[in-house]
Structure formats: structure tokens, C-alpha cells
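Quick notes on the structure that follows.
The values are calculated or read from the model by the stated rules, or taken from the named source; none is laboratory data. Just so it is clear, the model here is predicted, and its values are computed rather than measured. Neighbour counts are summed over all protein chains in view; Cβ atoms, including those assigned to glycine, are modelled from backbone coordinates with ideal geometry. Surface areas here come from the heavy atoms of the whole protein model, side chains and all, with no ligands, DNA or RNA. Shrake-Rupley method; radii C 1.70, N 1.55, O 1.52, S 1.80 Å.
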Amino acid sequence: MEIVTLKEILGTVHNSIMTINRILNKEEMLTDKSQKEATSLLKGEVPANWETQWEGPENPSEWIRVVIKKANALLGWLSRIQSKQLLSSPV
């Protein structure tokens, strides 16, 4: 369940950043949604649609770092579960 949620969160972040990139490269038109996301990021704020998926630090860079750290921890746990080594080290 947590892995699915993290995949959705990372997908949202990826889509936002890629959309902004395509707009900057004049490959896509600006929308209200993408403008709000870009404006939030330029202000150093986490976009509202990211925050509705997971509440974290207020700084976007730190927010992404914490999400990635959480994802890596979960993937590590999953790997240890699959290899039947979960309890061989501190959780």
C-alpha cells in the first residue's frame, strides 16, 4: 500500500516537472494548473496538489528529498522481506 502511494506521489511530481519543462521548451501550452505549480515552486513553496498527497516539509527541495528518502527506505524493507532478511537488521 505504501509503495503504491509513493509511486503516485512521485508520478505527480514527475508529471509536474516534465510539464513545466515542456512549457519552457515551448512544446506545451501553459494551463492554470501548471502555472499554479510553477508559481509555487518559484516562491519556494510545495505545490498544493503535491501537498494533498503527502504532508511534508514546506520547502520543495526538502519535500522531494524526504519523499525519496522514504521511498528508498520502503524499497530496502521490501528487498529484505523478499530475501527473508527483514529482521536480520534494525527496522
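Selection of first residues in the stretch 65-91 that are in a loop (DSSP other than H, G, I, E, B) and of second residues that are at pLDDT 80 or above and open to solvent by 50 Å² or more (accessible area, probe 1.4 Å), restricted to Cβ pairs under 9 Å at least 6 apart or on distinct chains, gives the following pairs, ordered by first then second residue: Gln85/Ser79; Ser89/Arg80; Val91/Trp77; Val91/Arg80. Only residues that are of a type in the set (S, T, N, Q) and touching an Asp or Glu at 6+ places or on another chain (Cβ under 7 Å) were counted in the stretch 50-91, giving 1.
A search for C-beta distances below 8 Å between a residue of the stretch 39-50 that is open to solvent by less than 40 Å² (accessible area, probe 1.4 Å) and any residue that is of a type in the set (Gly, Ala, Ser) and modelled with pLDDT under 95, counting only pairs 6+ apart in sequence or on different chains, returns Val46/Gly56.
Looking for something among the hydroxyl-bearing types (Ser, Thr, Tyr), modelled with pLDDT under 95 and surrounded by fewer than 11 Cβ atoms within 10 Å (Cβ to Cβ) - is there at least one such residue anywhere in the stretch 2-24?
No, because not a single residue in the stretch 2-24 is among the hydroxyl-bearing types (Ser, Thr, Tyr), modelled with pLDDT under 95 and surrounded by fewer than 11 Cβ atoms within 10 Å (Cβ to Cβ).
Scanning the stretch 26-35 for residues that are open to solvent by 80 Å² or more (accessible area, probe 1.4 Å) and polar (S, T, N, Q) yields one hit, Gln35. Restricting the first member to the stretch 14-28 and to residues that are part of a helix (DSSP H, G or I), and the second to residues that are of a type in the set (S, T, N, Q) and surrounded by 14 or more Cβ atoms within 10 Å (Cβ to Cβ), the beta-carbon pairs closer than 7 Å and six or more apart or on different chains are Thr19/Ser34; Ile20/Ser34; Ile23/Ser34. Scanning the stretch 29-51 for residues that are within 16 Å of Trp63 (Cβ to Cβ) and outside any helix (DSSP H, G or I) returns Lys43, Gly44, Glu45, Val46, Pro47.
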